[in-house]
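Reading through the structure tokens given below for one structure.
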Amino acid sequence: GCPFYLHERLAATQLRTTFPSMRAIALLRNPRERTVSAFNDYLRMGRIRRAAGGATARDAQMLTLVASKIEMLRSGVRQLEDFDMRILTSAVYIHGLEAWGRAWPASQLLVLQSEEMFDAAEAVVHRVEDFLGLRRAIPASAYMRTHNKNTLAEKARASAALNGTLDAFFAPHNAALYRWLASRGTPFRPWPNGTHA
């Protein structure tokens, strides 16, 4: 499914009403990496015009864009739900997960980290199969196959300034996410980039 469903608060309740026994899985990626990846996807799709001047110019373009969106959110000009904020706010996972958590019991909502999938794919796939009540049928050769790869030749990279800006923005949201997950008994490793400070 699409990661934007996580932020569609009404979707959680409507799906629960329509499919009460459905099980949902949320796979969360490090917010910093998710934002940089979204920027590169937006460049590839033409939603953001590429800055002239190569990779250094794109890195600066990404920092300027992120900083301007953070300022719009802080000033109240925009809200987390606004469509044009999604490049940044799609990684504010707690915002949507709280709504899903009110609609879905922990036994029907599995929250995973993509980093876990990269580090221990077999264990995570088995966890998903068990959660869904499936027999162990996915071959190990399929675990780490790349399916939706961004083919942009030169991708923007996160500078130290961008990393610091993103870490500061995501810190309170991630702290709230970790508290919420702990309250539901869901194991979750804080992301190793300072955003859990």
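The values are calculated or read from the model by the stated rules, or taken from the named source; none is laboratory data. On a predicted model such as this, the values are computed, not experimentally measured, just so you know. So basically every Cβ, Gly included, is an ideal-geometry build from the backbone, and we count neighbours across all protein chains shown. Ligands, DNA and RNA are stripped out before the accessible areas are found, and what is left, the full protein with its side chains, is counted by its heavy atoms. Shrake-Rupley method; radii C 1.70, N 1.55, O 1.52, S 1.80 Å.
A few comments on the model shown:
Residue by residue, here is whether (1) of a type outside the set (Val, Ile, Thr); (2) touching a Ser or Thr at 6+ places or on another chain (Cβ under 8 Å); (3) touching a residue at least 40 places away in the same chain (Cβ under 8 Å) holds:
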{"site": "66", "(1), (2), (3)": "no, yes, yes"}
{"site": "74", "(1), (2), (3)": "yes, no, no"}
{"site": "79", "(1), (2), (3)": "yes, no, no"}
{"site": "91", "(1), (2), (3)": "yes, yes, yes"}
{"site": "97", "(1), (2), (3)": "yes, no, yes"}
{"site": "105", "(1), (2), (3)": "yes, no, no"}
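- Residue 24 meets each of the listed conditions (1) under 23 Å from residue 66 (Cβ atoms); (2) buried (at least 16 other Cβ atoms within 10 Å of the Cβ); (3) touching a residue at least 60 places away in the same chain (Cβ under 8 Å) apart from (1).
- Within region 94-137, the set of residues being small (Gly, Ala, Ser) and touching a strand residue (DSSP E or B) at 6+ places or on another chain (Cβ under 7 Å) comprises 101, 114.
For every residue, the table says whether it meets (1) surrounded by fewer than 16 Cβ atoms within 10 Å (Cβ to Cβ); (2) modelled with pLDDT under 95; (3) not polar (S, T, N, Q).
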site	(1), (2), (3)
98	yes, yes, yes
114	yes, yes, no
124	no, yes, yes
134	yes, yes, yes
143	yes, yes, yes
146	yes, yes, no
158	no, yes, yes
162	no, yes, yes
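- Filter result (aliphatic (A, V, I, L, M), within 16 Å of residue 38 (Cα to Cα) and in a helix (DSSP H, G or I)) within region 81-103: 85, 87, 88
- Scan of region 52-73 for residues that are of a type in the set (Lys, Arg) and under 22 Å from residue 95 (Cβ atoms), ordered by number: 69
- Test: residue in region 60-80 that is under 11 Å from the mean Cα position of the chain (by Cα) and either farther than 23 Å from residue 178 by Cα or part of a helix (DSSP H, G or I) (or both): no
- Filtered by the rule that a residue be under 21 Å from residue 41 (Cβ atoms), of a type outside the set (S, T, N, Q) and out of contact with any helix residue (DSSP H, G or I) (no Cβ under 7 Å at 6 or more places or on another chain), region 87-121 gives 115, 118.
- Within region 44-60, if we keep just the residues that are open to solvent by less than 90 Å² (accessible area, probe 1.4 Å) and of a type in the set (A, V, I, L, M), the residue that is farthest from residue 84 (Cα to Cα) turns out to be 55.
- Test result for residue 15, buried (at least 16 other Cβ atoms within 10 Å of the Cβ), within 23 Å of residue 189 (Cα to Cα) and at pLDDT 85 or above: no
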